[in-house]
1. How many residues are more than 15 Å from Leu100 (Cβ to Cβ) and assigned to a loop (DSSP other than H, G, I, E, B) if we restrict to segment 268-282?
2. Filter segment 118-138 for residues that are closer than 30 Å to Thr212 by Cβ, under 19 Å from the mean Cα position of the chain (by Cα) and surrounded by 11 or more Cβ atoms within 10 Å (Cβ to Cβ) and give the result.
3. Show me the helices (runs of 4 or more DSSP H) entirely contained within segment 40-140 in which 3 or more residues are in the same structural domain as Leu235 (by TED's automatic domain parsing) and in contact with a strand residue (DSSP E or B) (Cβ under 8 Å, 6 or more places away or on another chain).
4. Among Leu36, Leu57, which is the only one that is within 25 Å of Met271 (Cβ to Cβ) and modelled with pLDDT of 90 or more?
5. Can you tell me which residue in segment 45-104 is nearest to Ala172 (Cα to Cα), limited to those that are of a type in the set (D, E, K, R) and touching a residue at least 12 places away in the same chain (Cβ under 8 Å)?
6. Taking the residues in segment 139-159 that are surrounded by 15 or more Cβ atoms within 10 Å (Cβ to Cβ) and under 19 Å from the mean Cα position of the chain (by Cα) as candidates, determine which candidate is modelled with the lowest pLDDT.
7. Select, from Phe218, Phe150, the only residue that is in a helix (DSSP H, G or I) and within 26 Å of Val246 (Cα to Cα).
8. Filtering segment 178-208 down to residues that are in contact with a Ser or Thr (Cβ under 7 Å, 6 or more places away or on another chain) and not in a helix (DSSP H, G or I), which residue is surrounded by the most Cβ atoms within 10 Å (Cβ to Cβ)?
Amino acid sequence: MDKGNSTLTLKRTAGTFRPLALTPSEDLKGYILAHLGRAVLFLIACTSVIAIFLIFLFVIRESVGFLQTESLWGYLSKTGWYPQAEPAKFGSVAIIAGSLYVTAASLAFAVPIGILAAAFLSDIVSFRIRAVVKPVIELLAAIPSVAYGFFAVLILAPFLQKKFGFPTGTNALNASIILAVMALPTIISVAEDSISALGRELREASYSLGATRMETMFKVVIPAAHSGIIAAVVLGMMRAIGETMVVWMASGNAAQIPHPWWDISQSVRTMTATIAGEMGETPKDTSHYYALFMMGVLLLVLTFSLNIVSEYFLSRAKKATGRA
């Protein structure tokens, strides 16, 4: 077989139209295109990092003016938020507490349901049912938050007020229930992936020692997948604490700490709702304007810290399952 036939055979076998030997110009062209492609992909990958850095820079720059006129300690230690008073008072404790109230209450609803649902999808139902149910659950994340907000105000709020006799239906409980529903897709999806990644060996070893299906799930599988489950909970917490429209519409927007502290039937205000509700009507370069940006800095630091924690536990889960 001559050289031409060998080249033709290679083309048919390998499915490529490149010759066996490249000329110097073709080799240089391939080298340039390969490195150019790497540079473009690297630039695309760095875009999100640069965007986050610029957001941090902008928010911090706009908040610096608050420190020139107000005390950071007073901002973090006082409860009164009265931007229209004379003099204005900017105490963020009640607003931060409101965010923590609705986030903690939503996790109290979402975490047990999410973990049980993840275990149900991974170990109990058939693969055919899981292939249908899991995408439907994940579709809940695609519903606009304003739709959840309308449901909370028009349906859930009157129900809570009439059924339980609350003074108002727009309260911390209302917002927490809706936030729990919004956090469930994230918690279920990540936790189910972590539980399913453990494989059959661990389960079969437990069964061989005489453990029942429930004992295997609660004493072996879930503890073994704890890193992924914690990451799922943290991601769900980020979903809850960063939500704006639902808490703006359903929490009542009262800058107060519930008294007694465990009474989540009272209205609260969150950091995201405060920023969304007041930023559009606040004149630029005023103390109120700078105070809102300072709250944005606190929110960014909090969510960024939670993101780092979730990435840590996700990396641990991948190492535990051999996917790192």
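1. Qualifying residue count for the region: 1.
2. Ala118, Lys134, Ile137
3. 93-123
4. Only one candidate qualifies: Leu57.
5. Going through the qualifying residues, I end up with Lys78.
6. Leu140
7. Exactly one of Phe218, Phe150 is in a helix (DSSP H, G or I) and within 26 Å of Val246 (Cα to Cα), namely Phe150.
8. Leu198
The values are calculated or read from the model by the stated rules, or taken from the named source; none is laboratory data. This structure is a prediction, so every number in the text was calculated from the model and none was measured. A quick note on method: Cβ atoms are made from the backbone with ideal geometry, for glycine too, and the neighbour counts reach across all protein chains shown.
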